[in-house]
Amino acid sequence: MMSFYNVLGRYKNFDFERFFEQTSDESIQRIIAKSRLTELDYLNLLSPRSEIYLEEMAQRAHRLTIQHFGRVIFLYTPLYLANFCVNQCVYCGFQIKNELKRKKLTLAEVAHEAEIISATGLKHILILTGESRRESPVSYIRECVEVLKKYFTSISVEVYPLEEHEYAELISAGVDGLTMYQEVYNEEEYAKLHLAGPKRDYRFRLEAPERACRAGIRTVNVGALLGLGEWRSESFFTGIHADYLQNAFPEVEVSISPPRIRPQVGGFQPGFKVTDKNLVQLMLAFRLYMPRGGITISTRERADLRDRLVKLGATKMSAGSCTAVGGRSDSESAGQFEISDERSVAEMAGMLYGQGYQPVYKDWQML
Amino acid sequence: MKDVFKIGGREINSRLLLGTGKFSSNKLIPEVVETAGSQVVTIALRRVDPAYEEENIAAYVPGNCILMPNTSGARNAGEAVRIARLARAAGCGDWVKIEVITDNRYLLPDNYETVKATEILASEGFVVLPYMSPDLMVAKKLVEAGAAAVMPLGSPIGSNRGLRTKELIRILIDEIPLPIIVDAGLGRPSEAAEAMEMGAAAVLVNTAIATASDPVAMARAFRLAVEAGRLAYLAGPGETQEFARASSPLTGFLRD
């Protein structure tokens with residue numbers, strides 16, 4: 001099977017501007033009605049011209065989401081284990097040049113945070129670390145998983161890219177999901193934003209989801225950090241990455257996240273603007289392209305916007321989030337970025353029920 | 001006359017089986033089950049959470065129903081077997097609907113792994129109802145493996161596309177000595193009626209009811225359609241003819 005790196009290579013010199021100039025109302029209308037979209041159909045729906053068809057796209061996306069997922073939103077929450085990091089990513093609050101209190105949770109602290117979270121009823125957790133093979137090695141992550149599986153039935157990791165055998169090690173310890181954001185798919189932009197550290201290896205990161213799938217992961221979630229690159233092409237690459245993974249690993253549940261960059265320690269200003277309208281367009285286009293693909297919306301987004309995204313293709317949302325290490329028991333700790341939606345799990349559940357949606361706390365049973 | 005059928009030695013009097021996913025609230029489930037008159041209700045073990053009573057889907061299935069946990073999420077026979085055992089250990093009983101899906105784009109079942117899981121679970125005393133792509137040879141293997149019923153799909157799960165596999169299901173109904181329960185894809189009551197008219201023992205419906213604007217009303221519509229289809233089957237519908245039969249051009253001369 002060809003790597004996604006090679007698939008992406010086909011678009012190396014692709015002229016997006018020119019493609020968008022050639023889209024027509026007729027083709028967009030035809031695409032919205034199709035049951036199976038091609039890659040370029042998807043790109044058509046990401047075009048500036050498609051913006052006038054957002055309502056039509058929304059109607060179809062809404063129906064497709066209900067058909068395939070029902071009136072439900074899956075809930076999860078992130079847990080930051082450690083913020084030690086050797087990378088210099090200009091946009092990240094945890095990067096090596098930023099001065100902040102570095103910390104990693106002890107296993108007792110992991111258990112304490114797990115108790116606080118599981119009291120909310122959540123059963124799905126996403127654990128995060130910065131990239132430091134010295135401070136937060138795979139063995140440390142595995143030990144944390146061993147603790148967490150007493151409290152949760154599904155554990156996903158959002159950590160630095162690993163080798164296939166390391167993914168296999170975490171999977172056998174109880175991990176079933178992987179989140180891996182490429183940050184920016186445009187390779188030149190990527191080089192400009194990642195100044196130092198192992199994360200400079202674009203390809204090793206890009207192929208991490210493939211390695212995790214080969215190791216037997218159940219779910220993968222990919223995405224670009226919106227604001228770091230031109231959103232239309234970045235969303236296109238995210239979508240075809242998801243499609244590639246679904247084709248190569250049909251048994252895996254594939255989803256995307258469209259995280260928009262947030263203010264953080266260091267004060268990085270994103271080079272590209274991504275409006276609410278842009279965010280909605282990319283969600284709708286993706287839903288039409290991959291009707292069964294998940295769309296995860298984090299607390300980076302405002303509460304009022306998240307409420308509306310429930311009916312625009314979202315399938316999974318975080319709740320009761322905190323981006324600081326140990327932040328649920330220690331409010332002094334600095335987070336990776338500022339969150340926008342501070343509602344508790346119970347408040348999120350109330351909002352969902354109010355919209356005629358069921359909050360699902362548990363959707364996997366560790367085997 | 002009582003019109004019942006048997007699965008795993010139990011008499012089943014409702015030919016409409018229900019799924020419980022996709023509802024806007026678990027609180028709808030008791031009324032939907034009651035309105036549908038269903039006796040067998042399937043739940044995904046992955047959603048069962050005994051630790052959180054208020055959100056535990058299993059707690060919303062009326063106590064007089066047969067709970068049939070399903071193995072949603074299983075990617076091979078081994079995982080299906082583990083899920084079934086976990087379900088039994090969690091007090092969900094001996095019934096299990098096997099779902100082994102290795103294709104997340106269409107959610108089509110993996111017949112080969114399904115046969116393997118059926119064999120193992122039947123030997124462990126489970127009442128096994130395998131969900132499968134309609135295929136006569138596979139259905140025969142499921143019979144040999146000890147399945148209690150066979151559940152062919154009408155069209156892919158959640159697709160609401162109706163009875164697209166009709167001809168293949170008809171063959172299973174004719175040839176397989178177990179109840180044939182059409183599972184997945186039935187989007188409208190008329191399609192459920194069609195399956196019953198063909199002689200299916202029962203149908204299993206989830207998406208069409210759960211995602212309707214009024215799930216309770218839709219449950220009633222399906223109940224009536226299943227009853228109508230069953231009655232029609234028992235009544236023995238007249239043959240359909242391709243041409244009006246006004247004369248017999250080839251054999252008319254034989255009339256005395």
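The values are calculated or read from the model by the stated rules, or taken from the named source; none is laboratory data. Being a predicted model, the structure only gives us computed values, none of them experimental. Don't worry about glycine lacking a Cβ; one is built from the backbone with ideal geometry, like all the others, and counts go over all protein chains shown. The protein model used for the area step is the full one, side chains on, heavy atoms only, and it has no ligands, DNA or RNA in it. Shrake-Rupley method; radii C 1.70, N 1.55, O 1.52, S 1.80 Å.
Quick notes on this one:
- Top-ranked residue in segment A:275-288 [being open to solvent by 10 Å² or more (accessible area, probe 1.4 Å) and not charged (D, E, K, R); ranked as nearest to A:H62 (Cα to Cα)]: A:V280
- When residues in segment A:251-267 are screened for being facing chain B (nearest Cβ under 10 Å) and at pLDDT below 95, 1 of them pass.
- From the options A:K192, A:K199, residue that is open to solvent by less than 30 Å² (accessible area, probe 1.4 Å), assigned to a helix (DSSP H, G or I) and basic (K, R): A:K199
- Only listed residue being in a loop (DSSP other than H, G, I, E, B), modelled with pLDDT of 95 or more, open to solvent by less than 80 Å² (accessible area, probe 1.4 Å) and not charged (D, E, K, R), chosen from B:A200, B:A228, B:A212, B:A219: B:A200
- Some residue of segment A:248-265 being over 30 Å from A:N6 (Cα atoms) and among the charged types (D, E, K, R): yes
- Selection status of A:D41, at pLDDT 95 or above and over 24 Å from the mean Cα position of the chain (by Cα): no
- Restricting segment A:59-79 to residues that are over 24 Å from B:L186 (Cα atoms) and open to solvent by 10 Å² or more (accessible area, probe 1.4 Å), the residue that is farthest from the other protein chains (Cβ to nearest Cβ): A:P78
- Residue count for segment B:140-161 satisfying the condition of being more than 19 Å from B:W95 (Cβ to Cβ), away from chain A (no Cβ under 14 Å) and surrounded by fewer than 24 Cβ atoms within 10 Å (Cβ to Cβ): 3.
- Enumeration of residues in segment B:34-51 that are over 18 Å from A:F74 (Cβ atoms) and either within 14 Å of another protein chain (Cβ to nearest Cβ) or open to solvent by 20 Å² or more (accessible area, probe 1.4 Å) (or both): B:E34, B:T35, B:G37, B:Q39, B:P50
- In summary, B:K22 fulfils each of the numbered conditions (1) within 10 Å of another protein chain (Cβ to nearest Cβ); (2) of a type in the set (D, E, K, R); (3) without any contact (Cβ under 8 Å) to a residue 40 or more places away in the chain; (4) open to solvent by 20 Å² or more (accessible area, probe 1.4 Å) with the single exception of condition (3).
- Among the candidates B:E54, B:E119, residue that is part of a helix (DSSP H, G or I), within 11 Å of chain A (Cβ to nearest Cβ), surrounded by fewer than 22 Cβ atoms within 10 Å (Cβ to Cβ) and out of contact with any strand residue (DSSP E or B) (no Cβ under 7 Å at 6 or more places or on another chain): B:E54
- Residue pairs whose Cβ atoms lie under 8 Å apart, sitting 6 or more positions apart in sequence or on different chains, and linking a residue in segment A:252-280 that is over 16 Å from A:Y181 (Cβ atoms) to a partner that is among the polar types (S, T, N, Q) and open to solvent by less than 50 Å² (accessible area, probe 1.4 Å), are A:V252/A:T219; A:V252/A:Q246; A:V252/B:N104; A:E253/A:T219; A:E253/B:N104; A:V265/A:N98; A:G266/A:Q95; A:G266/A:N98.
- For B:E31: the one exception among (1) surrounded by fewer than 19 Cβ atoms within 10 Å (Cβ to Cβ); (2) touching a residue at least 40 places away in the same chain (Cβ under 8 Å); (3) within 16 Å of the chain's Cα centre (by Cα): (3)
- Condition check for B:S25: modelled with pLDDT under 90 and in contact with a strand residue (DSSP E or B) (Cβ under 9 Å, 6 or more places away or on another chain): yes
- Count of residues meeting criterion [in contact with a helix residue (DSSP H, G or I) (Cβ under 8 Å, 6 or more places away or on another chain) and within 11 Å of chain A (Cβ to nearest Cβ)] in segment B:85-116: 8
- B:P62 vs. criteria within 11 Å of chain A (Cβ to nearest Cβ), at negative phi, in a loop (DSSP other than H, G, I, E, B) and open to solvent by 30 Å² or more (accessible area, probe 1.4 Å): no
- Subset of segment A:331-367 (residues that are more than 9 Å from chain B (Cβ to nearest Cβ) and part of a strand (DSSP E or B)): A:G335
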